[in-house]
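Let me begin by presenting the structure, written as C-alpha cells, before commenting on it.
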Amino acid sequence: MTESNKTIEVKGQNLKIVGVDFDPFTDRKYVAHGIQVAASAFGVPHITREFEHDVRNHLEGHRVLLAYDTLGIPVGFGSFDHLQDGESGILYVSGLVIRKDCQSSGIGTALSREAVLHMKASGYRVDLVAGRTQNPVVAAARASYCDPIYPITAEPVPDIISAANMLRAHLNMNGVMSPETLVTRDAYEHPLNDTRPRSKHANINTFFDMHVGPRDAVFIIGRPTC
C-alpha cells in the first residue's frame, strides 16, 4: 500500500487529502473511515455486513482519496481508476461519497480535481474524466473542472462514444446505450434515489428529465481543464 498526503483549501475550509492504493484493501483504519462516511451519506443507522461489503467494493483495487476536516474527521472519499481507450487516457470515477452534512460544499469536486492532478503527476495521461450516474448534481460538479461535458454541453463525438463503449464493457453493462445521449437503459435493478436531486443548472436538470429514466444510467464524460 502506498500513501500520499496533501492539504488543500475548499471554500475557506482546510481539508487533508489522503491518497491510498489498495490492492487488496486491507487497512482497517481506512475501511472504517469509508464505512463511516457512507453510512452518513446514505442515512444508514445500522451497518450490516451487506452494507460494509458494498463500501469495500467501492474501495478495493482502486486509487482512493479520503478527505478529512481540521479535526481529523473523515468527510468524504472518492475511488478512481485509470483506463486506456486507444490513445485516450481516462480517469474513471468509480465512487464519490460525501458525509451528509458536508454535501454541496465542494468536497466531491475537490476530490475529483485532486485525482486528475495525482494521475498526471504519476505520469498518466488524463484526456477524459468519466463516470456513470443518475444524479444531475454529479454532472454539474464535473462541469466545474471539465469543458465540455458530453452529452450535455456538447454532442458526443467518436472518441467519446468509443470511451463510453469501453467503459460499458469494463463495467459489464448489458443494456442498450444511445450514442446520442450516452444513456444505458435499465442499468440498475432499482432507482438509486426516491426523489432525483436537482442541480443549480436548468440545462442539466432538463437533460436528465428528458433522457434518463429511474433505472437508467448516463455516462458524463468531460475533458479536464485542471
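Listing for the model above:
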item	result
Where residue 152 falls short, out of the listed (1) under 26 Å from residue 56 (Cα atoms); (2) not assigned by TED's automatic domain parsing to the domain that holds residue 80; (3) not in a helix (DSSP H, G or I)	(1)
Those strands (runs of 3 or more DSSP E) lying entirely in the range 10-113 with at least 1 residues closer than 18 Å to residue 133 by Cα	74-85, 88-98
Selection within the range 31-67 - aromatic (Phe, Trp, Tyr) and more than 18 Å from the chain's Cα centre (by Cα)	51
Within the range 162-181, tally of residues that are at pLDDT 95 or above and either among the hydroxyl-bearing types (Ser, Thr, Tyr) or assigned to a loop (DSSP other than H, G, I, E, B) (or both)	5
Looking only at the range 40-53, and only at residues there that are surrounded by 15 or more Cβ atoms within 10 Å (Cβ to Cβ) and not aliphatic (A, V, I, L, M), the one that is nearest to residue 13 (Cα to Cα)	40
Residues (more than 12 Å from the chain's Cα centre (by Cα), within 27 Å of residue 69 (Cα to Cα) and among the basic types (Lys, Arg)) located in the range 110-155	120
Meets criteria (crowded, with 22+ Cβ neighbours inside 10 Å, touching a Pro at 6+ places or on another chain (Cβ under 8 Å) and touching a residue at least 12 places away in the same chain (Cβ under 8 Å)) for residue 37	yes
Residue check for residue 63: in the same structural domain as residue 103 (by TED's automatic domain parsing) and over 18 Å from residue 118 (Cα atoms)	no
Residues being of a type in the set (A, V, I, L, M, F, W, C), touching a His at 6+ places or on another chain (Cβ under 9 Å) and closer than 18 Å to residue 219 by Cβ - total across the range 99-145	4
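So that you can scan it fast, the table gives a plain yes or no per residue for (1) without any contact (Cβ under 8 Å) to a residue 24 or more places away in the chain; (2) under 20 Å from residue 92 (Cα atoms):
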residue	(1), (2)
176	yes, no
198	no, no
208	no, no
220	no, yes
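Residue-by-condition table, conditions (1) surrounded by fewer than 21 Cβ atoms within 10 Å (Cβ to Cβ); (2) closer than 25 Å to residue 145 by Cβ; (3) touching a strand residue (DSSP E or B) at 6+ places or on another chain (Cβ under 6 Å); (4) at pLDDT 90 or above:
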{"site": "201", "(1), (2), (3), (4)": "yes, yes, no, yes"}
{"site": "209", "(1), (2), (3), (4)": "yes, yes, no, yes"}
{"site": "214", "(1), (2), (3), (4)": "yes, no, no, no"}
{"site": "222", "(1), (2), (3), (4)": "no, yes, yes, yes"}
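The values are calculated or read from the model by the stated rules, or taken from the named source; none is laboratory data. Not measured: the values here are computed from a predicted model. In this analysis, Cβ positions are derived from the backbone assuming ideal geometry, glycine residues included, and neighbour counts consider all displayed protein chains.
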